[in-house]
1. Working only within segment 348-367, note down all residues that are assigned to a loop (DSSP other than H, G, I, E, B), under 21 Å from the mean Cα position of the chain (by Cα) and surrounded by fewer than 22 Cβ atoms within 10 Å (Cβ to Cβ).
2. What residue, among those in segment 155-178 that are outside any strand (DSSP E or B) and basic (Lys, Arg), is most open to solvent (accessible area, probe 1.4 Å)?
3. Looking at segment 308-347, which of its residues are of a type in the set (A, V, I, L, M) and in a loop (DSSP other than H, G, I, E, B)?
4. Could you check segment 8-25 and list, in sequence order, the residues that are in a strand (DSSP E or B), over 15 Å from residue 49 (Cα atoms) and open to solvent by 40 Å² or more (accessible area, probe 1.4 Å)?
5. Looking at segment 52-59, is at least one residue open to solvent by less than 30 Å² (accessible area, probe 1.4 Å) and among the acidic types (Asp, Glu)?
Amino acid sequence: MKIVAVEAIPYSIPYRKPLRFASGEVRAASHVLVRVTTDDGIVGAADAPPRPFTYGETQRGVVAVVEDLFAPQVIGRGLLEREAILEDLARTVGNPTAKAAIDMAIWDALGRTLEMPVTGLLGGYTDRMRVSHMLGFDEPAVMVSEGQRMRELHGISTFKVKVGRRPVGLDTAVVRALREGLGPDVELYVDGNRGWTASEAAGAMAEMADLGLTLAEELCPADDVLSARWLGQQLGVPVVADESATTPAEVTRQLLSGAASAISIKTARTGFTGSQRVLHLCEGLGVEVVVGNQVDGQLGTACSVVLGAAHRRTSARAGELSNFLDMTDDLLTEPLRISGGELLVPTGHGIGVEVDPEKLARYRIDR
């Protein structure tokens with residue numbers, strides 16, 4: 001169970017259309033497949049989706065930090081030495097998705113070695129999660145049409161609506177159109193990706209007060225400490241910290257300051273080990289959590305549902321598990337399928353999915 005090799009393989013798969021939100025735009029899944037191999041010949045894999053406009057990571061940067069710094073620290077360690085491995089990785093500042101991918105690849109290898117599913121090793125609470133779909137910036141009619149299509153094809157009835165544009169009426173009009181077009185039984189919540197000021201956010205939320213929104217995520221910059229705290233006191237729905245709460249320490253500060261009252265957990269940035277730490281902190285403080293999406297492909301989505309379904313609190317709400325539907329292709333041998341508004345946890349050892357070597361060869365960009 002000793003790790004003998006660590007790989008970082010960059011690849012790129014186009015999206016059917018650009019995904020637009022306040023903090024940036026994504027036209028292709030330019031990710032990094034991270035693999036660890038043990039002396040028993042077991043291979044564990046996970047995905048690192050760089051988000052330079054959020055965490056400062058780039059695809060080339062992830063490859064470099066894994067190959068130059070992390071691989072030498074990990075090789076020679078046992079699969080059960082997670083604490084020591086994470087301590088070594090923590091000496092390098094930042095690079096959350098690179099660290100998370102290594103952590104999850106090690107969990108995958110461990111599950112395959114033990115011939116057990118990772119979701120069972122983590123907690124094994126349920127075998128499925130309800131799905132929330134993200135709707136990015138577009139014209140109201142286009143976004144309503146996408147929501148209707150997702151409901152008809154996949155049974156999805158929860159939608160995260162990207163907001164944060166100026167003037168704020170652009171987005172309040174979209175949310176109102178979605179409520180009118182999708183009906184009263186659909187759950188809607190908004191994510192500003194730090195795009196508004198606190199006063200703009202307060203005004204927008206007041207304008208949408210009759211629309212039955214359930215959550216408001218990162219409406220204003222978290223660095224605006226007093227403004228974020230003031231905004232949290234104004235709103236009548238839970239305020240979700242996402243980009244501002246990427247570590248247990250940040251989670252604690254956001255919650256205790258009053259700037260947030262719920263937390264988004266993303267396996268792509270905290271892995272399985274770090275995500276459990278954030279989850280247990282939230283349980284102790286009695287706040288809701290949402291399983292978020294890092295604009296993941298199917299491998300990343302599989303990791304999210306594996307973690308989310310393993311625990312009662314993470315499976316209580318719909319997880320953001322559908323954005324792979326916007327990709328033109330993917331890496332897995334068996335694609336994930338959303339039906340009846342739910343995504344089942346993949347069956348099998350480890351994370352439960354397999355990377356197709358032919359697809360990886362087609363989309364990798366280092367050869």
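The values are calculated or read from the model by the stated rules, or taken from the named source; none is laboratory data. Worth saying up front: this structure is predicted, and the values here are computed from it rather than measured. When we count neighbours, we look across all protein chains shown, and the Cβ atoms used for this are built from the backbone with ideal geometry, even at glycine. The area values use the complete protein model at the heavy-atom level, side chains included, leaving out ligands, DNA and RNA. Shrake-Rupley method; radii C 1.70, N 1.55, O 1.52, S 1.80 Å.
1. Kept after step one, since they are assigned to a loop (DSSP other than H, G, I, E, B), are these residues of segment 348-367: 348-349, 351-354, 356, 365-367.
Cutting the leftovers down to under 21 Å from the mean Cα position of the chain (by Cα) gives us 351-354.
Selection gives 352, 354.
2. Keep residues of segment 155-178 that are outside any strand (DSSP E or B), which gives 155-157, 163-178.
Subset that is basic (Lys, Arg): 165-166, 176.
Values: 165: 55, 166: 139, 176: 74 Å².
The selected residue is 166.
3. Within segment 308-347, the first condition is being of a type in the set (A, V, I, L, M), and the residues that meet it are 309-310, 316, 318, 321, 325, 327, 331-332, 336, 338, 343-345.
Across segment 308-347, the qualifying residues are 310, 316, 318, 321, 331, 336, 345.
4. Going through segment 8-25, the residues in a strand (DSSP E or B) turn out to be 8-21, 24-25.
This time we only want the ones that are over 15 Å from residue 49 (Cα atoms), so: 16-18, 20-21.
Scanning segment 8-25 gives 16, 17, 20.
5. Looking through segment 52-59, at least one residue is open to solvent by less than 30 Å² (accessible area, probe 1.4 Å) and among the acidic types (Asp, Glu).
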